[in-house]
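See below for the structure under consideration.
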Amino acid sequence: MTLSVKFWGVRGSIACPSVDHIKYGGNTSCIEINASGRRLVLDAGTGIRGLGKEFLKDDVKDVRILLTHTHWDHINGFPFFVPAYDPSRSLHILAGHLDGEESIQNVLATQMDNPMFPVPLSAMQAKMTFEDFEAGEAIDIFDDVHVRTAPLNHPNGSTGFRIEHKGSAVCYVTDTEHVPGQMDQNILGLIEGADLVIYDSTYTEEEFPSKIGWGHSTWNEGVKLCKAANVKSMAIFHHDPEHTDDFMDDIAVQAKAVWDGTFIAREGEVLVYGDD
C-alpha cells in the first residue's frame with residue numbers, strides 16, 4: 001500500500017515557461033497524491049492541465065481537489081482541467097480559507113465569468129460538488145485516506161494539509177509567512193513525524209525582509225520547522241519566478257549543507273512512500 005506524490009507544478013506567483021526554467025519547471029502549484037490508486041489533487045495552478053490529460057489517459061472517474069486558497073497561481077489552471085467537462089466523471093472540490101465570506105463555487109465561477117474567460121463554470125458537465133470547510137478541521141477524503149488541516153499565515157488566508165494513508169504522511173504547507181524568531185505552532189502540529197513536507201520556500205533569507213506581508217517563507221525556516229517536528233524530508237517548493245535553474249541549483253547545494261533531508265521540488269518528479 002503506497003502513498004505517492006507527483007509534482008505537476010512547483011512555481012509560485014506566475015507561470016514562467018522559459019529556457020531559464022527548464023530543469024525545475026515553470027508551471028504553478030499542482031500536486032497529485034496517489035493513495036493506493038485513489039487520486040487526490042492539491043491546488044489547481046497551471047500544472048493541473050497536464051494532470052487532467054493524465055487522468056483521461058488513466059480513465060480516473062472520481063477526482064478530489066483540495067485548494068490551499070484561491071490566489072490566481074493556485075486556480076488559474078482549473079478552466080483547462082479537461083475531466084471537468086466530461087459528464088461521466090465526478091469532481092469534488094474543497095477549500096478551507098474563505099471563512100464563510102464567500103463560497104469556493106462562487107470564486108471559481110467568477111474566475112470563469114465574462115469578461116475574464118469565455119467559457120463559464122456551467123460548461124463543466126462533470127458531476128461537481130463544492131465543499132467549504134474551516135481550516136483546522138479533519139476530513140476523511142476517502143475511506144482510508146485521512147486529511148488534517150491547519151490555517152496558514154497568508155493574505156486572504158490559506159490552508160495547510162496533511163494527507164495520511166496506511167501509516168505514511170505527506171504534508172503540503174505553502175503560501176505561508178513565518179514570523180522571524182517564532183516557530184508557527186499550527187505548522188508544527190500539522191507536520192509532526194511526516195515522511196515529507198512540501199514547504200513554501202519562495203524567498204531567500206536575503207530577499208525575505210523586503211517581502212514581509214506578501215505571505216511567503218524561506219527554505220531556512222522550513223528546515224527549522226521540519227527538524228523540530230522530526231520530519232524525514234522537505235521539498236523546497238513554490239519557487240519565485242525570478243529564480244532560474246542556476247539559482248535553484250545553488251539553493252539545493254546550500255540547503256543540503258544545512259540539512260541532508262532537503263531537496264528542490266521538480267516538475268514531473270515522483271516520490272513513493274510505504275510498502276508496494
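So here's what we get for this one:
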| quantity | calculated |
| --- | --- |
| Cα shape, segment 121-178, gyration tensor, a/c 1.5 rule | oblate |
| Global form of segment 37-162, assessed from the alpha-carbon gyration tensor, a/c cut-off 1.5 | oblate |
| Residue of Asp144, Asp58, Asp200 that the Gaussian network model of the chain assigns the largest fluctuation, springs spanning Cα pairs under 10 Å | Asp58 |
| Cut-off 11 Å between beta-carbons: net charge of the residues surrounding Ile104, Lys and Arg +1, Asp and Glu -1 | -3 |
| Neighbourhood charge, 15 Å Cβ-Cβ cut-off, centred on Asp246 and excluding it, Lys, Arg +1 and Asp, Glu -1 | -4 |
| Spherically averaged projected area in nm², based on the convex hull that wraps the Cα atoms of segment 81-121 | 3.5 |
| Long pairs among Lys6/Lys127; Lys127/Lys224; Lys61/Lys166, criterion Cα-Cα beyond 31 Å | Lys127/Lys224 |
| GNM top mover of Tyr24, Tyr199, Tyr85 - the chain, alpha-carbon springs below 10 Å | Tyr85 |
| Structure-based [θ]222 nm, the chain - -39500 (n - 2.57) summed over DSSP H runs of at least 4, per residue, nearest 500 | -5500 deg cm²/dmol |
| Most fluctuating residue given options Gly261, Gly96, Gly222, as computed from a GNM of the chain linking Cα atoms under 10 Å | Gly261 |
| Mean separation of Cα contacts under 8 Å, 6 or more apart, over the residue count of the chain: relative contact order % | 20 |
| Among (1) 17.5, 51; (2) 21.0, 68; (3) 20.2, 65, the entry derived from the coordinates for Rg and Dmax of the Cα atoms in Å | (1) |
| Whether segment 126-276 is rounded, prolate or oblate, judged on the alpha carbon gyration tensor where a/c under 1.5 counts as rounded | prolate |
| Cα centroid of segment 47-67 to Cα centroid of segment 139-190, whole Å | 22 |
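Laboratory data are not the source of any read-out in this text; all were calculated from the coordinates shown. Quantities reported herein were computed from a predicted structural model and do not represent experimental measurements. Every residue, glycine among them, receives a Cβ derived from its backbone with ideal geometry; neighbour counts consider all protein chains shown.
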